[in-house]
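Asker: One structure, as structure tokens, below. Some questions next.
The values are calculated or read from the model by the stated rules, or taken from the named source; none is laboratory data. Quick caveat, the model's predicted, so the values are computed rather than measured. Cβ atoms come from the backbone with ideal geometry, glycine included; neighbour counts cover every protein chain shown. Heavy atoms of the whole protein, side chains included, go into the accessibility calculation; ligands, DNA and RNA do not. Shrake-Rupley method; radii C 1.70, N 1.55, O 1.52, S 1.80 Å.
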Amino acid sequence: MANAQPVSQRDSGESDPEQLQGAVVRFAGDSGDGMQVTGSQFTVAAALAGNDLATFPDFPAEIRAPAGTTYGVSGFQINFAARDVFTPGDRPDVLVAMNPAALKTNIRDLKRGGLLIVNSGAFSNTNLKKAGYEKSPLDDGSLDGYAVIAIDITKQTVAAVEGTGVSSKEANRCKNFWTLGLMFWIYGRDMAPTIKWIESKFHSRPEIVDANVAALKAGHAYGETTEISHYRYEVPAAPVAPGRYRNIGGNVALAWGLVAAAEITGRPVLLGAYPITPASDVLHELSKFKHFGVTTIQAEDEIAAVCLSIGAAYAGNIAVTTSSGPGIALKGEALGLAVATELPLVVVNIQRGGPSTGLPTKTEQADLFQAMYGRNGEAPMCVLAASTPGNCFHMALEAVRIAVKYMTPVILLTDGYLANGAEPWKIPDVSELPKIEVSYRTDPEGFHPFLRDEKTLARPWAIPGTPGLLHRIGGLEKDYNSGHISYDPDNHELMSKTRAAKIANIANDVPELGIEVGDESGKLLVLGWGSTYGAIREAVQRSRDRGLSVSHAHLHYLNPLPKNLGDVLSRFERVLIPEMNMGQLVHIIRGQYLVPAESYPKIQGQPFKIDEIEDRIRQTMES
């Protein structure tokens with residue numbers, strides 16, 4: 001065991017756990033080291049201990065990048081606390097590095113004085129060379145200033161699983177559970193739920209169960225029997241409102257929102273999708289709910305997926321198609337068809353880094369322009385955005401509500417950060433969810449397919465086969481007064497303006513924009529949308545704690561924008577918009593409201609850190 005100089009000033013030897021209000025822990029290792037499983041199980045333990053939390057899995061696009069290289073490092077960060085948590089945290093307090101490459105790519109983020117746990121057994125000359133080290137950082141003093149616990153975890157694991165009947169390769173794979181056991185001891189977590197999960201997950205391989213459980217217990221015992229008790233912490237439970245909670249990720253929450261829509265409307269849900277990162281989990285999750293009237297179809301490509309969903313909408317289903325930026329690009333022409341036919345369709349874009357294939361497993365908010373304008377002709381669509389993993393549930397419901405009420409396609413934007421992140425979520429009472437009314441036209445008297453509701457401008461939803469409602473719809477322009485094909489110039493202008501007015505009219509049916517944190521007026525408004533919610537909220541709160549006149553407002557409705565947005569903007573001297581693109585919302589805000597909104601772009605495939613936004617707020621107010 002090689003130890004750099006610990007910076008903890010606490011006495012060594014047996015001591016009570018140090019009580020903390022919160023901690024940020026990051027697990028990092030090869031893609032095959034099981035870091036996502038380790039992080040997920042640590043998250044479950046934190047949730048069961050009553051902590052509020054947020055997580056951020058960060059992994060490479062390659063299914064298995066070359067082992068030991070920096071390209072293959074997979075990470076999982078969790079922020080858990082005895083108070084409200086809004087982000088996965090900025091710089092970790094604890095870093096677990098399973099090999100030199102994981103150390104190389106993550107050490108710059110660890111807080112000075114933070115706890116660093118490394119698997120010294122992986123620091124071979126070969127692995128050091130792959131990571132780009134000329135000398136071992138465990139011996140050259142470069143880790144001075146961190147509290148280093150260097151353990152040959154590989155050797156400890158192999159010894160722990162001896163006699164369980166697993167192969168040497170399988171034994172080596174158990175080291176993530178050995179590490180998890182040590183982390184459970186450090187933070188005083190119960191091993192029983194993880195043991196139960198192992199028994200369920202590997203029930204068909206009892207020797208694997210025995211090996212993983214043995215490794216888990218051995219890691220825990222290592223903490224008990226070695227002289228590292230001064231690194232033992234306790235994070236109490238967070239105060240929460242009464243209710244039933246579960247840990248939930250954005251993709252699962254979104255899928256459950258669609259299932260809830262099926263229950264509320266009493267109509268079947270059909271999802272047409274083609275697998276794509278990071279959207280595929282919605283397809284996987286929804287496929288479990290056939291008994292709730294959900295049908296999932298994995299189509300041969302993106303175009304087929306959206307077209308079959310449009311057909312399902314025509315037939316009276318709650319129709320959904322999901323994808324990410326490249327797939328949405330392929331769906332573009334069909335989305336124009338959905339606009340022209342005025343059928344209710346929920347289009348979910350779980351954004352990732354682009355352009356083209358881009359950064360499949362990294363997050364970005366750069367598809368806002370695509371959602372707003374990415375179709376030929378005048379083809380306006382309603383655009384919504386979710387702000388947290390749990391919020392994905394509610395925005396999915398809202399997307400369905402607007403789609404069926406206004407007979408229009410609705411784009412719902414989330415991103416990779418929301419899709420893969422997780423947080424505690426209070427399971428709602430279905431009876432308290434918003435009502436979604438669905439009505440099909442059955443009266444043939446005076447019917448034609450483009451009759452308009454006077455208030456919503458929605459056309460009737462007439463299911464094919466309904467007696468007396470024989471009609472046709474399609475991509476060719478239709479006559480406003482009859483629904484027949486029309487090339488009349490004045491009619492085309494009228495229909496174009498009507499479709500635009502229908503979308504604009506939705507602004508009268510959505511909540512006005514409120515102030516999330518701060519005063520109703522002041523020197524600076526930080527305006528966000530989508531997954532920047534948590535980082536902006538905490539950065540604004542910290543800035544206010546330092547006496548700065550700054551407030552936070554967050555957009556969930558991007559087209560149309562809330563009808564009071566102009567009034568909100570006018571109450572602040574300056575407006576700052578952080579977003580994970582090159583300033584797309586800023587462009588829209590400047591164009592519509594003629595205010596000199598200031599852009600704070602980030603295009604690194606990583607979410608904003610609280611410190612980054614807090615620094616920009618300070619710089620803006622000092623300039």
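Asker: List the GluC sites (Glu not before Pro) within region 319-398 that DSSP assigns to loop and that have no more than 16 neighbouring Cβ atoms inside 10 Å.
Answerer: For GluC sites (Glu not before Pro) across region 319-398 that sit outside H, G, I, E and B with at most 16 neighbouring Cβ atoms in 10 Å, the list reads 378.
Asker: Given a Förster distance of 25 Å, report the FRET efficiency between residue 521 and residue 493 from their Cβ-Cβ distance, rounded to the nearest 0.05.
Answerer: 0.05
Asker: For region 150-259, report the translational diffusion coefficient in µm²/s to the nearest whole number, using Stokes-Einstein at 25 °C, 0.890 mPa s, and a Kirkwood Rh over Cα pairs.
Answerer: Translational D for this selection: 155 µm²/s.
Asker: Over region 156-214, what per residue volume does the convex hull of the Cα atoms give, in whole Å³?
Answerer: So the per-residue hull volume is 68 Å³.
Asker: Only bridges with both residues in the chain count here: give the DSSP antiparallel percent, nearest 5.
Answerer: Percent antiparallel among DSSP bridges in the chain is about 35.
Asker: On to the next question. Based on C-alpha coordinates, I'd like the Rg and Dmax of region 243-354, in Å.
Answerer: Rg then Dmax for region 243-354, in Å: 13.6, 45.
Asker: Ratio of region 380-437's C-alpha Rg to 2.2 N^0.38 Å, to two decimals?
Answerer: Cα-based Rg divided by the globular estimate yields 1.21.
Asker: Follow-up question, since we're still on this one. Whole number please: convex hull volume per residue of the Cα set in region 72-115, in Å³?
Answerer: 83
Asker: For region 534-546, what does the Karplus curve 6.51 cos²θ - 1.76 cosθ + 1.60, with θ = phi - 60°, yield as ³J(HN,Hα) per residue in whole Hz, taken in order and with x for Gly and Pro?
Answerer: With coefficients 6.51, -1.76 and 1.60, one gets x, 5, 5, 4, 5, 5, 5, 4, 4, 5, 5, 4, 8 Hz.
Asker: Something else now. Pull out the extension gain between residue 426 and residue 205, defined as 0.36 nm times the separation in residues minus the alpha carbon to alpha carbon distance; nm, one decimal.
Answerer: Roughly 76.1 nm would be gained on extension.
Asker: Could you tally the net charge around residue 450, taking each other residue with its Cβ under 13 Å from the Cβ of residue 450, Lys/Arg +1 and Asp/Glu -1?
Answerer: Net local charge, residue 450 excluded: +3.
Asker: Moving on to the next point. Are there trypsin sites (Lys or Arg not before Pro) in region 51-148 that DSSP puts in a loop and that have at most 13 other Cβ atoms within 10 Å, and which ones?
Answerer: In loop regions of region 51-148 (DSSP not H, G, I, E or B), the sparsely surrounded trypsin sites (Lys or Arg not before Pro) are 64, 83, 112, 135.
Asker: Which value results for Rg/Rh of region 324-366 when Rg is the Cα radius of gyration and Rh the Kirkwood radius based on the inverse mean 1/r?
Answerer: That ratio equals 1.07.
Asker: On alpha carbon coordinates alone, what is the Rg over Rh value for region 292-356, Rh being the Kirkwood radius?
Answerer: Here the Rg-to-Rh quotient is 0.97.
Asker: Now for a separate question. Roughly how many whole Å is it from the C-alpha centroid of region 505-550 to that of region 203-257?
Answerer: Rounded to whole Å, the Cα centres lie 34 Å apart.
Asker: Cα-based Rg of region 78-152 per 2.2 N^0.38 Å, rounded to two decimals?
Answerer: It is 1.19.
Asker: Quick one: which of 455/478; 362/563; 129/155; 169/217 span more than 30 angstrom between C-alpha atoms?
Answerer: 362/563
Asker: If a paramagnetic tag sat 7 Å from the Cα of residue 71 along the Cα-Cβ line, which residues of region 125-145 would have the backbone N under 15 Å from that point?
Answerer: In region 125-145, the label zone of residue 71 (backbone N under 15 Å from the point 7 Å along Cα→Cβ) covers 130-132.
Asker: Further question: For residue 604, what charge total do you get from the other residues with a beta carbon under 15 Å from its beta carbon, if Lys and Arg give +1 and Asp and Glu give -1?
Answerer: It works out to a net charge of -2.
Asker: Find the Cα radius of gyration of region 31-80, compare it with 2.2 N^0.38 Å by division, and give the number to two decimals.
Answerer: Here the answer is 1.28, to two decimals.
Asker: For residue 622 paired with residue 233, estimate the spin-label separation in nm (one decimal), with each label point 7 Å from Cα along the Cα-to-Cβ line.
Answerer: The modelled label-to-label distance comes out at 2.9 nm.
Asker: Using the Cα centre of the chain as the reference point, and only Cβ charges (+1 on K/R, -1 on D/E), how large is the resulting charge dipole? Debye, rounded to the nearest 20.
Answerer: Here the chain has a charge dipole of around 400 debye.
Asker: Taking the Kirkwood radius as the inverse of the mean 1/r across Cα pairs, report the Rg/Rh of region 423-544.
Answerer: 1.16
Asker: Compute the FRET efficiency between residue 545 and residue 284 as 1/(1 + (r/R0)^6), taking r as their Cβ-Cβ distance and R0 = 56 Å, and round to the nearest 0.05.
Answerer: 0.85
Asker: Report, in whole Å, the centroid distance computed from the Cα atoms of region 358-419 and region 270-314.
Answerer: 16
Asker: Okay, moving on. Using only Cα atoms, locate the centre of region 461-502 and the centre of region 171-191, then give the distance between them in Å, rounded to an integer.
Answerer: When both Cα centres are located, 63 Å separates them.
Asker: Please report the carbon-and-sulfur percent of the accessible area for region 94-156; probe 1.4 Å, protein heavy atoms only, DNA, RNA and ligands left out.
Answerer: Of all accessible area on region 94-156, carbon and sulfur atoms account for 43 percent.
Asker: Okay, moving on. Taking every alpha carbon pair in the chain, what does the distance histogram look like in 20 angstrom bins from 0, in percent?
Answerer: 18, 47, 27, 6, 0
Asker: Also: State the extension gain, in nm to one decimal, for the chain segment bounded by residue 485 and residue 435, taking 0.36 nm per residue of separation less the distance between their alpha-carbons.
Answerer: That pair, residue 485 and residue 435, stretches by 14.4 nm at full extension.
Asker: Once phi is turned into θ = phi - 60°, what whole-Hz ³J(HN,Hα) does the Karplus curve with 6.51, -1.76 and 1.60 give for every residue of region 487-504, x standing for Gly and Pro?
Answerer: Rounded to whole hertz, the list is 10, 5, x, 5, 5, 4, 5, 4, 5, 4, 5, 5, 4, 5, 5, 5, 5, 4.
Asker: Further question: On a full-extension model of 0.36 nm per residue, what is the gain between residue 20 and residue 225, subtracting their alpha-carbon distance, rounded to one decimal in nm?
Answerer: 71.5 nm
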